[in-house]
Amino acid sequence: MKTEAQIDSAPSEAGSYVLACPCPEGYGSGDYAPRTRFPELREIAGESGDNAIHGRLRDIFLAAGLDAGRYGSQQWNPLGQWIAPGMRVLIKPNWVKHETGDLIGQNVLCTHPSVLRAAIDYVLIATGSPGQVMVADSPLQGADFARVREQAGIDTLERHYRNAGLPVVFRDLRLRHAEVDDRSSYVKSTHPLAGDAMGYSIVDLGALSRLEEISDDRTPFEVADYNGHATRAHHRRGVHEYCIANSALSCDVILNLPKLKSHVKSGMTGAMKNFVGVNCDKAYLPHYRRGTPDRGGDEYPAQSKSPAAIAYFRRTLQNRAPLWLWKTARSLAFFLLANGKRNVICQSGGWYGNDTLWRTIHDLCDIVTNYGVGGTRLCGPRSILTLVDAMVCGEGLGPLYPRSKPLNLLIWGEDIGAVDLACAAIMGFDPRRIPMLSHLEDARARAFSRGAHTPWLQYTGEKRAEPPFAPPPTWKGHIEAGSFGP
């Protein structure tokens with residue numbers, strides 16, 4: 001695995017480079033139209049606005065040498081190397097959840113519409129009018145999508161493209177929505193959703209799953225606030241099923257637009273973790289194994305009794321007790337068992353010892369790269385391009401309750417593993433201490449990434465020394481670069 005000091009070395013394999021572009025102008029507003037009407041965007045963008053992201057994305061494409069011979073002309077098509085006219089392209093943002101409380105207006109949870117607008121416009125140049133651009137994600141079951149649409153600018157973008165007559169559709173891929181109390185995470189009720197208009201495929205990786213090596217017929221796989229029996233029905237020895245949106249499996253190319261944040265269960269969330277959102281029923285997603293490592297689990301450390309008690313209360317009362325009892329019991333549990341320190345208690349696999357979620361993430365990366373509708377394996381890998389929204393990032397208790405950390409960066413790459421290694425270096429994290437990244441060394445990870453062997457990072461402008469991110473509290477002392485020697 002390359003270290004932070006080595007990550008700037010020259011590449012030995014195409015697709016391994018990662019470009020970071022400073023964007024000091026920040027996000028745009030209005031309908032997020034480009035600040036300058038560049039020649040190639042005249043048929044796409046309409047009136048000019050105040051969005052500087054288009055210009056910085058142009059800088060990235062120029063630095064990458066994309067369609068360099070036609071740069072500056074109306075015919076310039078930087079994504080034409082991967083996207084042909086008439087293709088179906090999935091743009092995969094991060095729409096994890098609506099903002100609440102102090103997070104409202106901080107732009108720290110979801111991919112910003114300024115980034116989304118610029119990405120869509122350049123994809124439209126490549127697809128032309130015969131193509132179709134789908135912008136889609138599967139948020140948390142408790143996400144209020146009406147609020148997400150407003151806060152993440154989806155309503156504004158959808159209205160713009162509809163009025164312009166351009167082939168862009170926006171989709172909530174979930175099969176089910178839960179009405180959740182924001183203050184206490186209590187699930188009040190659940191309701192079915194229409195989901196993906198193209199339907200779903202159950203993709204079974206079987207023995208090829210990274211979960212197989214820790215599976216038997218009784219492995220206690222779980223997802224917080226979901227029925228553990230349902231998760232275990234889909235993941236057992238020889239069977240590892242995921243419920244994947246056909247919008248992802250039927251597309252020709254994916255443009256991945258993650259939001260850079262710390263993550264309590266995986267250390268960080270970037271290019272790879274963003275593909276959790278193509279699975280549309282979270283019961284299919286093992287996040288941890290119940291119990292402690294000495295008993296075959298990774299839900300929380302063996303030496304602490306508080307997480308076990310809190311987990312017991314959660315399983316016993318969630319979906320059974322009335323809201324008032326849930327809130328009372330929850331408050332008492334944290335006060336008596338955790339001394340009120342809710343942010344540092346390990347819950348639901350949210351710690352550095354989680355050995356399950358990285359496997360689920362690798363499985364999903366394999367699926368989006370190599371599988372089609374019906375779970376059939378593709379003849380060749382699907383092209384996946386990544387543009388990371390690192391303009392305003394999240395540190396600390398991410399991904400749902402982070403502190404805002406402005407970087408004013410866009411990060412581009414052709415290999416999702418290489419992108420995440422570069423992001424970890426920018427965050428000040430040691431990839432050797434993040435299982436999702438350290439296991440890119442494994443031969444099985446080559447199904448979707450060569451990034452572990454040839455990553456390099458280059459700034460399109462002056463190289464910057466980024467201030468390190470605060471890790472999730474339950475990863476502190478276990479993830480920071482330089483904490484463990486060479």
Exercise. Exactly one of (1) within 27 Å of Glu25 (Cα to Cα); (2) surrounded by fewer than 19 Cβ atoms within 10 Å (Cβ to Cβ); (3) of a type in the set (Val, Ile, Thr) is unmet by Ile416. Its number?
Worked result: (2)
Problem set entry | Number of positions in the range 444-482 that are modelled with pLDDT of 95 or more, touching a strand residue (DSSP E or B) at 6+ places or on another chain (Cβ under 9 Å) and part of a helix (DSSP H, G or I) | 1
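Could you tell me how many of the residues in the range 31-40 are in contact with a Ser or Thr (Cβ under 8 Å, 6 or more places away or on another chain) and assigned to a loop (DSSP other than H, G, I, E, B)? Steps first, please.
Our first condition is that a residue be in contact with a Ser or Thr (Cβ under 8 Å, 6 or more places away or on another chain); within the range 31-40, this holds for 31-37, 39-40.
With the extra rule that they be assigned to a loop (DSSP other than H, G, I, E, B), the set shrinks to 31-33, 35-37.
So the count comes out to 6.
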Exercise. Within the bounds of the range 434-446, is there any residue that is surrounded by fewer than 23 Cβ atoms within 10 Å (Cβ to Cβ) and closer than 20 Å to Pro113 by Cβ?
Worked result: no
Problem set entry | Candidate set: the range 232-248, residues that are touching a Lys or Arg at 6+ places or on another chain (Cβ under 9 Å) and part of a helix (DSSP H, G or I); chosen: the one farthest from Val133 (Cα to Cα) | Arg232
Problem set entry | Neighbours by Cβ (under 8 Å, 6+ apart or cross-chain): first from the range 95-112, at pLDDT 95 or above; second aromatic (Phe, Trp, Tyr) and in a loop (DSSP other than H, G, I, E, B) | Asn107/Tyr27; Cys110/Trp95; Thr111/Trp95; His112/Tyr27
Exercise. Does Glu213 satisfy being out of contact with any strand residue (DSSP E or B) (no Cβ under 6 Å at 6 or more places or on another chain), more than 28 Å from Tyr27 (Cα to Cα), surrounded by fewer than 22 Cβ atoms within 10 Å (Cβ to Cβ) and among the charged types (D, E, K, R)?
Worked result: yes
Exercise. Does Ala445 count as more than 16 Å from Ile361 (Cβ to Cβ) and either among the hydrophobic types (A, V, I, L, M, F, W, C) or touching a Phe, Trp or Tyr at 6+ places or on another chain (Cβ under 7 Å) (or both)?
Worked result: no
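So is Asp298 over 24 Å from Ala452 (Cα atoms) and at pLDDT 90 or above or not?
Numbers: over 24 Å from Ala452 (Cα atoms): yes; at pLDDT 90 or above: yes.
It is true that Asp298 is over 24 Å from Ala452 (Cα atoms) and at pLDDT 90 or above.
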For this session: For the range 257-278, state whether one or more residues are under 18 Å from Gly375 (Cβ atoms) and of a type in the set (D, E, K, R).
Result: no
Seminar exercise, completed: Among helices (runs of 4 or more DSSP H) entirely inside the range 352-443, those with 1 or more residues being closer than 14 Å to Asn274 by Cα and touching an Asp or Glu at 6+ places or on another chain (Cβ under 9 Å) are 357-370, 435-438
Problem set entry | Filter result for the condition that a residue is assigned to a loop (DSSP other than H, G, I, E, B), at pLDDT below 95 and either over 23 Å from Asn408 (Cα atoms) or touching a Leu at 6+ places or on another chain (Cβ under 6 Å) (or both), over Gly15, Gly80 | Gly15
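Name the residue that is nearest to Cys365 (Cα to Cα), counting only residues in the range 193-214 that are part of a helix (DSSP H, G or I) and among the aliphatic types (A, V, I, L, M). Quick ask: steps written out before the conclusion?
In the first step, residues of the range 193-214 are kept if they are part of a helix (DSSP H, G or I); the result is 206-208, 212-214.
Then keep just the ones that are among the aliphatic types (A, V, I, L, M); that gives 207-208, 214.
Values: Ala207: 16, Leu208: 13, Ile214: 19 Å.
Residue satisfying both the conditions and the ranking: Leu208.
Report whether or not Arg236 is among the basic types (Lys, Arg) and without any contact (Cβ under 8 Å) to a residue 24 or more places away in the chain. Write out each step before concluding.
Numbers: among the basic types (Lys, Arg): yes; without any contact (Cβ under 8 Å) to a residue 24 or more places away in the chain: yes.
Answer is yes for this residue.
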For this session: Mind listing just one residue for me: the one in the range 63-75 that is free of Cβ contacts under 8 Å to residues at least 40 places away in the same chain and surrounded by 17 or more Cβ atoms within 10 Å (Cβ to Cβ) and, of those, nearest to the chain's Cα centre (by Cα)?
Result: Leu66
Problem set entry | Failed criterion for Glu43 (all others in (1) modelled with pLDDT of 95 or more; (2) not in a strand (DSSP E or B) hold) | (1)
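The values are calculated or read from the model by the stated rules, or taken from the named source; none is laboratory data. Since this is a predicted model, take the numbers as computed values, not measurements. Methodologically, a virtual Cβ is constructed for each residue, glycine included, from the backbone with ideal geometry; neighbour enumeration extends over all protein chains shown.
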